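The values are calculated or read from the model by the stated rules, or taken from the named source; none is laboratory data. For clarity, every value in this text was computed on a predicted model and none was experimentally measured. Here the Cβ positions follow ideal geometry from the backbone for every residue, glycine too, while neighbour counts run over all protein chains shown.
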Amino acid sequence: MSTDFWLISAPGEKTVQQTWERLNNNTAPEKLSNNYKFQIPDLKVGTLDILVGLSDELGKLDVFCESVTRKVAQYLGDVLEDKRDKLRENLKVNDAPPGNYLQRFQWDLAKYPIKQSLKNIADIVGKQVNQIESDLKTKSNAYNNLKGNLQSLERKATGSLLTRNMGDLVKKEDFVLDSEYLVTLLVVIPKGNVNEWMGKYEKLTDMVVPRSSKVLFDDGENALCSVTLFRRVADEFKHHCRENKFIVRDFQYSEEEIVAGQTEITKLEADKKKQFGPLVKWLKVNFGECFAAWIHVKALRVFVESVLRYGLPVNFQAMVLQPHKRSVKRLREVLGQLYGHLDNTTLAGAADGVDIPGLNMGSSDYYPYVYYRINLDLIDTH
């Protein structure tokens, strides 16, 4: 089955039940789609002017709610990292997959009281989703900073000898410490140049301690060598190293700093682990909240559009169709046969690009019946 759903409405015939049965009778023989009633409660209609203005506002709110819903889903995938294949099972709305929620949609009377005006309900949704987006920014920034700092330290602990932390590669006995006159330097030598280094280092300046250089570590590309010399010639020695493409690392042995660096990684790992569980829980809960809010906006749009199209008293049936992948074109034809009579010359003009406020008729997706596409492929796999 497709992850695309079509939310449509058609005017009631003698009863809205007949509208529903007629749709099923025409789509079932060729198995074009799975169909579900989309129940919208008795909402306050308001004036025609209000409905026309609200139609445009709801279009923008729809785009915003979908965008935040996708952001929450995407970030949950980012946080799950290697468990990303479990993302779909974590995207739930009221403990059910999003598709099931849509198929069995029920208006949430507690969150969105139907005694309120349509405008007020839209404002409630807007504030709720705006808060989720704001909280997502705060939480994602904090977690991303923590993760970035940890990755940076991990790179320094495991990367190239040119950049990695030296503390876990050397021992105290590799250095001459607490000497007023002598200093031990660490030099990174390309693997193929180690013999050249051993032949040259004593002659790069005066006052280098003979036979003081040792290979302390080898990462396959470079070797880390120590060398001891008099402090007074250290700058000159570094200069001659650069000329020979021997890279002196800026490092002073300090047990306290080495321990502090290891402690920092341990602390960041613990902080990340501590934040992971609550963050995943928050993302799962707020994905559900945001998705439900988005579908309520779709319901508002169908209601407003149906009243504008089909008039008063309110008499229409909203329906969710899940087209079978190979039947999309045929389903569109059948719906055209069923509801083509709803069109008239004014509306046909709108289909050619004339914009009638409030009737949501972009030339690309205008149909004689009210129609909104809902794409439930919420995970960006790129």
Verdict on Tyr253 being more than 30 Å from Leu216 (Cα to Cα) and either in contact with a strand residue (DSSP E or B) (Cβ under 9 Å, 6 or more places away or on another chain) or without any contact (Cβ under 8 Å) to a residue 12 or more places away in the chain (or both): no
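This table checks each residue for (1) loosely packed, with under 14 Cβ neighbours inside 10 Å; (2) touching a His at 6+ places or on another chain (Cβ under 8 Å); (3) within 25 Å of Ser254 (Cα to Cα).
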| position | (1), (2), (3) |
| --- | --- |
| Leu153 | no, no, yes |
| Phe175 | no, no, yes |
| Leu186 | no, no, yes |
| Gly199 | yes, no, no |
| Lys203 | yes, no, no |
| Arg211 | yes, no, yes |
With in contact with a His (Cβ under 9 Å, 6 or more places away or on another chain), part of a helix (DSSP H, G or I) and not acidic (Asp, Glu) as the only criterion, which of Val125, Val129 stands out? Val125
Test for Ser226: is it of a type in the set (S, T, N, Q) and either in contact with a Cys (Cβ under 6 Å, 6 or more places away or on another chain) or assigned to a loop (DSSP other than H, G, I, E, B) (or both): no
Do we find a residue being touching a helix residue (DSSP H, G or I) at 6+ places or on another chain (Cβ under 8 Å), among the small types (Gly, Ala, Ser), touching a residue at least 24 places away in the same chain (Cβ under 8 Å) and part of a loop (DSSP other than H, G, I, E, B) anywhere in the range 144-162? no
Matching residues, the range 19-39, being touching a strand residue (DSSP E or B) at 6+ places or on another chain (Cβ under 8 Å) and within 20 Å of Leu342 (Cβ to Cβ): Thr19, Trp20, Leu23, Asn24, Thr27, Leu32, Ser33, Asn35, Lys37, Phe38
Those residues of the range 220-235 that are touching a Ser or Thr at 6+ places or on another chain (Cβ under 9 Å) and within 11 Å of Ile189 (Cα to Cα) come to a total of 4
Exactly one of Thr15, Thr69 is at pLDDT 95 or above and hydroxyl-bearing (Ser, Thr, Tyr), and that one is Thr69
